Amino acid sequence: MSDLARSLGMTKAGLYHYFESKEALLFEIMSYGLDRVRDEVVVPVRSIRDPEERLRQLIIRHGRITTRGQGAVAHLGDEIRALPSSARRQIEQRMRAYFDLVRGMLAELKAAGRLRNVDVTVATFSLLGMILWLPRWFRQNGRLSQDKVANELANFALGGLLAPVRRSPRAVRIIKPRR
C-alpha cells in the first residue's frame, strides 16, 4: 500500500480515504480488469458470426489488453484468495462467465468439425493460461510490439487447436498418348 500510495503521490492515509481496505482496492482493480475484458473483448467479438474469426479476435484483443501497461492487472488473478468471500464470488462468477464464453466457442468449432480432437475444457484453460502469462514476459519497449505478440499468439493457438483443412483429392486427368 505504501508503494502504491507513493506512486500516486498520496499518503497511505489518503489512499484509505478512497478504499476502506487493501481487499477493497484489490476488488476494484480486479473488477477494472474484468471490465476491460468485457468492453474490449467480449462485446466486440459477440457480433462476429464465424467461430474461428470470433476466437481469433478474442485472443488478439485479450492479448493486447494483457500486454498494455495496465496488463499488470493479470498478475492479480492469483490474489483472488485474499478477497472476502462475497467479493471473491463476484470475481469468480465473472471469470467463469468468460471461461464459459471461450469454452463455448471451442465447443462450437468442435461441433462443426473444425477443432482438433482435444478436450475443450483443457483447451480453454490452456488458451487462457497462454494469454494471462503474457505480462510475465512481454516488455513494452522490447523487440516485439503488442500487435505482433497478440497476432503471433492467435496464430500459434489456432494452429494447435484447429483441425487441418481437408482438401478433396484432385481429379486425376488421364492423358492418352496420340497415335
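Accessible area ranking (1.4 Å probe, heavy atoms, ligands and nucleic acids excluded), largest first, for H62, H17: H17, H62. Here region 127-146 and region 10-38 have alpha carbon centers that stand 24 Å from each other. Residues Y32, Y18, ordered by accessible area of protein heavy atoms at a 1.4 angstrom probe radius and largest first, appear as Y18, Y32.
If you roll a 1.4 Å probe over the chain with all protein chains in place, what percent of the accessible area is carbon or sulfur? Walk me through the numbers before you get to the answer.
Working: 6280 of 11970 Å².
With neighbouring chains kept in place, the figure for the chain is 52 percent.
Projecting the Cα atoms of M95, S85, L26 onto the dipole axis of region 10-121, where Lys and Arg carry +1 and Asp and Glu carry -1 at the beta carbon, places M95 farthest toward the positive end. Think of each Lys and Arg Cβ as +1 and each Asp and Glu Cβ as -1; about the Cα centre, that makes the dipole of the chain roughly 1620 debye. Given the options V42, I60, A163, identify the residue whose Cα lies farthest towards the positive end of the charge dipole of the chain (+1 on Cβ of Lys, Arg; -1 on Cβ of Asp, Glu). In the chain, that residue is A163.
Radius of gyration over Kirkwood radius for the chain, both on Cα atoms: the Rg/Rh ratio is 1.17. Straight-line cross-link partners of K148 among the aspartates and glutamates, defined as a Cα under 20 Å from its Cα and at least 8 positions apart when in the same chain: E40, E52, E53.
Taking only C-alpha pairs under 8 Å that are 6+ residues apart, what is the relative contact order of the chain in percent? Write down the numbers at each step before the final one.
Numbers: 133 pairs, mean separation 46.2, N = 179.
The value is 26 percent.
The values are calculated or read from the model by the stated rules, or taken from the named source; none is laboratory data. As the structure is a prediction and not an experimental result, all values here were calculated from the model. All Cβ positions, even for glycine, are placed from backbone atoms using ideal geometry, and neighbour counts span all protein chains on display. Note: areas computed on protein heavy atoms with side chains; ligands, DNA, RNA excluded. Shrake-Rupley method; radii C 1.70, N 1.55, O 1.52, S 1.80 Å.
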